[in-house]
Amino acid sequence: MKFTSTRNNELLVSGSTAVLTGLAPDGGLYVPQSFPELSRKEVEAMVEMDYPERAALVMAKFFDELTYDELLNVTTRAYSTFDGDPAPEVKLEGGLYVLELWHGKTHAFKDMALSVLPLLMTALKNKVGQSETCLIPVATSGDTGKAALEGFSGVDGTGVIVFYPDGGVSNAQRKQMVTTLGDNVKVVAVKGNFDDAQTAVKKAFGDKELQEKLGAIGCKMTGANSINLGRLAPQVAYYVSAYVDLLASEQITYGDEVDFCVPTGNFGNILAAYYAKLMGLPVGRLVCASNDNNVLADFLNSGVYSLSRDFIKTTSPSMDILISSNLERLLFEFAGRDSALVCEWMKDLKEKGSYDIGGERLYAIRETFVGGYATQEEYADTLADVFDEYGYLCDPHTAVAFDVCMQYLDETDSEAPIVVVSTASPVKFASTVLESIGLSAPEDGVSALKKMEAETAFPVPASVYELFDMEERFNEVIDPANLNETVFSFAKGLK
Ligand SMILES: *Cc1c(COP(=O)(O)O)cnc(C)c1O
């Protein structure tokens, strides 16, 4: 299996190159040259498999430089850090399910991929004999940062430096990051919002002089943001596994289409569901849920992606994103894999702040995708409703998905089973959860968690409380313009 770029469909690289560089040299995203097939037989055989086996099988479809056993070693080690089943499916009623993706170390779905990526990188590095240290700058809107820090901390031959928007992440998210242990990790706040941080990191990747300086000290920059294929492939696996679980419990028979509703930011999670569909998994509709930053909902309803809007800070910060990087992969498919056309749209976005894919393509996208959004007030109410009605407590990001899911069900009378994808544990957002269910939130984090636990009976793991006693190791705040310097001085200190 080779990979090509969304901005140059003549380029072909191996899986190891795609994973170990992250971004294509032309600035495009790597995509499979063609989609591997997942047969009915394979899906049905997964009924008998555990999660690491299912994930290894799906990943083997993409990364044929590694054997199934090598990949199984990766997934087994990665998911051993999880508390029980990595991706359990909870039935709420009739055809309504929740897929919980937050049983990893940092209590958010980013662990599903970021616990795998460092081990996958190491396996691929060994395979191709790369000796340079992988230097990994990461921009985070909150959850990626900690998951990357946990994933890479202590992994030989890697170093990770995380940039988060100063004041733009929740208290618990910041605390989780700045207390991370390990010699090969660093955390830095950047003045501005997530897009400012992400843009500065992207610039660093495009800076030839910085790459040369890093090369001279034996380092090579690698992207671990959600555009890395090594993150996308493990995400495809949980959609397959969710389907298999419904088969196993005889709630569906093979071929029944299952819909998914996904709280969306950078479009990585929902794109993985689409990839599963392209591989042959019987997936029906994909409902893309946004918060007040509803650029994707507008796009899916108009065909126009426009940045002329304000960035709104919400209580679902991991979805506060205006430039959804992974959407480029969807555009590539719906452009008939015409990379020149994708380049034009990306140029329009950069120069005019918008692009228009035209009515026909929009129509084709809407055969699968539905876009909706929920305002802060709306999803707070929905969080409370879901708790009242089902006794199910969810985090604010998942509440956005529930809200949009209910809108979708009201509008369509759809009978298909639908799975709401739950991307974070309520423990990460205790204050917002308390306020949503009509209670006041104590100022300090520990009290908020204790109150949430007392009022809702949601069990808070001891590790979450312990976080608050840990020493904060990082307090640097920088201007986006100084990001390259910060990266280089971190690299010099590695090893
Ligand atoms: C990252 C994240 C999202 C958004 O996922 P994308 O793949 O970027 O669309 C949603 N919810 C939570 C809790 C997240 O951490």
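Numbers for the structure displayed
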| quantity | calculated |
| --- | --- |
| Under Karplus coefficients 6.51, -1.76 and 1.60, residue-wise ³J(HN,Hα) of the range 197-206 in Hz, glycine/proline x | 5, 5, 4, 5, 5, 4, 4, 4, 5, x |
| Globularity ratio of the range 260-369, using Cα Rg and 2.2 N^0.38 Å | 1.03 |
| Per-residue ³J(HN,Hα) for the range 172-178, Karplus 6.51 cos²θ - 1.76 cosθ + 1.60, θ = phi - 60°, Hz, x for Gly and Pro | 5, 4, 5, 4, 4, 6, 6 |
| For a label point 7 Å along the Cα-to-beta-carbon line of Leu307, residues of the range 321-340 with backbone N under 17 Å | 321-329 |
| Tensor-based shape of the range 366-495 (alpha-carbon gyration tensor, a/c under 1.5 rounded, otherwise prolate or oblate) | oblate |
| Separation of the Glu476 and Glu377 label points, Cα + 7 Å toward Cβ, nm | 4.3 |
| Accessible area (Å², per residue) of the chain, counting only protein heavy atoms and a probe of 1.4 Å | 38 |
| Paramagnetic reach from Asp183 in the range 97-134 [backbone N under 18 Å; point 7 Å along Cα→Cβ] | 132-134 |
| Partner aspartates and glutamates for Lys313 [C-alpha distance under 15 Å; skip if fewer than 8 residues away on the same chain] | Asp166, Asp195, Asp196, Asp292, Glu377 |
| Alpha-carbon gyration tensor eigenvalues x 5, square-rooted, for the range 203-253, Å | 43, 9, 5 |
| For the chain, radius of gyration divided by Kirkwood radius, i.e. Rg to Rh on alpha-carbons | 0.93 |
| Linear extension gain, Ala364 paired with Lys347, 0.36 nm per residue minus alpha-carbon span | 3.8 nm |
| Cα-based convex hull volume of the range 193-298 per residue, rounded to whole Å³ | 137 |
| Within the range 73-206, percent of DSSP bridges classed antiparallel, to nearest 5 | 25 |
| From phi via Karplus (6.51, -1.76, 1.60), per-residue ³J(HN,Hα) for the range 270-286 in Hz, x at Gly/Pro | 5, 4, 4, 5, 5, 4, 4, 5, 5, 7, x, 5, x, 9, x, 7, 10 |
| Cβ-Cβ FRET estimate between Thr81 and Ser249, R0 fixed at 25 Å, reported to 0.05 | 0.45 |
| Enclosed volume per residue, in Å³, of the convex hull spanned by Cα atoms of the range 76-208 | 148 |
| Structure-based [θ]222 nm, the chain - -39500 (n - 2.57) summed over DSSP H runs of at least 4, per residue, nearest 500 | -14000 deg cm²/dmol |
| Heavy-atom accessible surface of the chain: percent carbon and sulfur, 1.4 Å | 47 |
| Restraint check, Lys127/Lys186; Lys428/Lys450; Lys175/Lys203; Lys175/Lys428; Lys2/Lys208, Cα-Cα greater than 18 Å | Lys127/Lys186; Lys175/Lys203; Lys2/Lys208 |
| Summed residue charge, Cβ within 11 Å of Glu415's Cβ, Lys/Arg positive, Asp/Glu negative | -4 |
| Cα centroid of the range 131-173 to Cα centroid of the range 245-324, whole Å | 24 |
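The values are calculated or read from the model by the stated rules, or taken from the named source; none is laboratory data. From a predicted model like this one, the values you see are computed outputs, not experimental measurements. Using ideal geometry, Cβ is built from the backbone for each residue, glycine included, and neighbour counts are taken over all protein chains shown. What goes into the accessible areas is simple: the full protein's heavy atoms, side chains included, and nothing from ligands, DNA or RNA. Shrake-Rupley method; radii C 1.70, N 1.55, O 1.52, S 1.80 Å.
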